[in-house]
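> Let me begin by handing over the structure; questions about it come next.
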Amino acid sequence: TAANPPTTVDVVVVGAGFAGLYALHKLRGEGLTVRVFEAGDGVGGVWYWNRYPGARCDVESVDYSYSFDEDLQREWDWSEKYATQPEILRYVNHVADRFDLRRDIEFGTRVTDVVLDEPAMRWEIRTEAGDVLSARFCVLAVGPLSNANVPAIEGLESFEGGLYHTAHWPHEGIDFTGMRVGVIGTGSSGIQTIPRIAEQAAQLHVFQRTPNYSVPAGNVPLGDADRAEQKANYTERRRLSMAGGGGSPHEPHPKSALEVSEEERRAAYEKRWQLGGVLFSKTFPDQLLTIEANDTARLFWEDKVRVVIDDPEVADLLIPKDHPIGTKRICTDDKYFQTFNRENVKLVDLRAAPIERIDSAGVHTTDKHYALDALVLATGFDAMTGSVEKMNIVGRGGRTLNQEWAEGPKTYLGLGIAGFPNLFNLTGPGSPSVLANMVLHSELHVNWVAGAIGYLDAHGAVALEARRDAVADWVEECADRAAATLMLHANSWHVGANIPGKPRVFMPFVGGFGVYGEIIAEVAAAGYKGFDVIEG
Ligand code: NA7
């Protein structure tokens, strides 16, 4: 941290995760002065905080890494197909050192206010530590899955055992040996951590409200030969990723699931199953478009899962019935379902008997008390809007972002908000972020923002502001695209269903990462069509 950090800069970036770090590197490289504020004491964003046992990325490590520097991507060696949280954190720290990023980052500093000074057309940024900065541009890189959701369960604060949220795991780790542990939540985080905790705990109770689809992750160690092959094809791999639906170099089967023979269909699912990972959801292109196609995947999945669970009644409880497969982000696991065969693991069905309250000694459901030494909340996030809405962001006419988004987030291309000139929200609602490879998506957004700033400067303009009509059209386009899929059939965090009172709006752009990249590039090429370019 600099001794006398400047109070006037070109750009303030909020957040030092993958997006914020690259924003700093890129914009500083364009000759701009940049200051980054980060609430954590280190870089990495979600990978800094989510240190629960079993935390691992579900995008291949070779793809879930920066592409902006050829030497960086050639020199870094990933040790596994899917990287663990500690390895990703080592990588992000390596990047921060290699590009000398820390000198412009203030750690342990949360931004509280981002207020437009309209006559000056500058943003005033305030932090909890008392910093006040004036910036021409503000880049929000706070992450779409970063604001942990702590459920409002009566008595939670009275629990006297260890209480942990997966997204705020103690850095020193926890040894559950000999303990009676409870885990609430069976989303991606719960499904990753439950098998690991089960290996330690004396007794583990898994409190499940909604069962989830999960496929074996298929993680394998990478050897020198694997890495050499990946790196030899890196350029092509990146090209395919940028054009692909999810930001990775994989494409679905060319035909509909319903067009092919039963034999061919099973062979395709079997191949994906053996490979492992989230791409099972994308075996066929229409799997998320029609119930008939989806059912073929769902039934294949169900057969695979039933055989590994010893007790058929437990299997019934673990198999989702309320949503088509893939309409919530599919989870990936390492022996999750097999964990329920262990003597020391019990599944608690909260549909049959919901949690009533928590007391000093454990969890009360409507029919029983569970005595616990430790309770793990794997209860997810106020996704896509939560971390942005936590700040007091005030735009034109004193209107807050929370007022602007009261009925659900409203953006143009995910990047621009009407009434909030020169404020760029990275990887948030209106973009495909959470449906894609977040690292490449962050690069895409940052490069676009850098291009926009360059355009303003080249044209002697002061600001870029999304037009209201363009926002309305984009919101409608995102809604229409979602409605044409099965994605609205799930009570997912994509629609805010996990947060009581949150407006039910499908927040991501579902049209694909490659398509989205083309759209935002065309808008830029057309002189930022849909934005007002404000002259000085
Ligand atoms: P998720 O996917 O939102 O999962 C949260 C889980 O917690 C889910 O099973 C919830 O059940 C459960 N939950 C939440 N509140 C409660 C209460 N009050 N009582 C019981 N159960 C509750 O979060 P994750 O962290 O696993 O994953 C989020 C994303 O991060 C993931 O998709 C990856 O992209 C990375 P529910 O389904 O709401 O009934």
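> Go through 95, 12 for me and flag whichever is buried (at least 19 other Cβ atoms within 10 Å of the Cβ) and in contact with a strand residue (DSSP E or B) (Cβ under 6 Å, 6 or more places away or on another chain).
12
> Criterion first (farther than 30 Å from residue 229 by Cβ and small (Gly, Ala, Ser)) does residue 83 satisfy it?
So residue 83 does not fit the description; no.
> Can you tell me which of 467, 481, 504 is of a type in the set (Lys, Arg), within 30 Å of residue 287 (Cβ to Cβ) and more than 16 Å from the ligand (Cβ to nearest atom)?
Being of a type in the set (Lys, Arg), within 30 Å of residue 287 (Cβ to Cβ) and more than 16 Å from the ligand (Cβ to nearest atom) holds for just one of 467, 481, 504, which is 481.
> For segment 366-388, how many residues meet the condition of being surrounded by fewer than 18 Cβ atoms within 10 Å (Cβ to Cβ) and either away from the ligand (no atom under 16 Å from the Cβ) or part of a strand (DSSP E or B) (or both)?
Going through segment 366-388 one residue at a time, the tally reaches 2.
> Now a separate question. Among the residues of segment 349-364, write down those that are among the β-branched types (Val, Ile, Thr) and farther than 20 Å from residue 194 by Cα.
The answer is 358, and nothing else.
So that you can scan it fast, the table gives a plain yes or no per residue for (1) within 25 Å of residue 18 (Cα to Cα); (2) in contact with a helix residue (DSSP H, G or I) (Cβ under 6 Å, 6 or more places away or on another chain):
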position: 366; (1), (2): no, no
position: 390; (1), (2): yes, no
position: 403; (1), (2): no, no
position: 419; (1), (2): no, yes
position: 441; (1), (2): yes, yes
position: 450; (1), (2): yes, yes
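Okay, residues lined up against (1) within 16 Å of the ligand (Cβ to nearest atom); (2) in contact with a strand residue (DSSP E or B) (Cβ under 8 Å, 6 or more places away or on another chain):
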residue: 32; (1), (2): no, yes
residue: 38; (1), (2): no, yes
residue: 41; (1), (2): no, no
residue: 45; (1), (2): yes, no
residue: 66; (1), (2): no, no
residue: 70; (1), (2): no, no
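> Still on this structure: Filter segment 397-450 down to the residues that are in a loop (DSSP other than H, G, I, E, B), touching a Phe, Trp or Tyr at 6+ places or on another chain (Cβ under 8 Å) and not hydroxyl-bearing (Ser, Thr, Tyr) and list them by number.
Correct list: 413, 414, 415, 418, 422, 430, 432, 436, 437.
> Run down 101, 116, 140 and say which single residue is among the aliphatic types (A, V, I, L, M), closer than 22 Å to residue 381 by Cα and surrounded by 15 or more Cβ atoms within 10 Å (Cβ to Cβ).
Answer to the check: 140.
> Can I ask one more? Does segment 200-214 contain any residue that is touching a residue at least 40 places away in the same chain (Cβ under 8 Å), of a type in the set (Lys, Arg), in contact with a Gly (Cβ under 6 Å, 6 or more places away or on another chain) and within 16 Å of the ligand (Cβ to nearest atom)?
No: zero hits.
> Any residue in segment 489-501 that is in contact (Cβ under 8 Å) with a residue 60 or more places away in the chain sitting within a Cβ distance under 7 Å of a residue that is within 9 Å of the ligand (Cβ to nearest atom) and of a type in the set (Lys, Arg)? List the pairs, counting only those 6 or more apart or interchain.
490/328; 492/328
> For segment 328-352: of the residues being more than 12 Å from the ligand (Cβ to nearest atom) and assigned to a loop (DSSP other than H, G, I, E, B), which is surrounded by the most Cβ atoms within 10 Å (Cβ to Cβ)?
340
> Can you find a residue in segment 169-180 that is within 28 Å of residue 426 (Cβ to Cβ) and either without any contact (Cβ under 8 Å) to a residue 24 or more places away in the chain or surrounded by fewer than 19 Cβ atoms within 10 Å (Cβ to Cβ) (or both)?
Among the residues of segment 169-180, at least one is within 28 Å of residue 426 (Cβ to Cβ) and either without any contact (Cβ under 8 Å) to a residue 24 or more places away in the chain or surrounded by fewer than 19 Cβ atoms within 10 Å (Cβ to Cβ) (or both), which makes the answer yes.
Values in this text are rule-based calculations from the coordinates and carry no lab data. Since the model is a prediction, treat every value here as computed from it, not as a measurement. For neighbour counting, all protein chains shown are included, and Cβ atoms are generated from backbone atoms with ideal geometry for every residue, glycine included.
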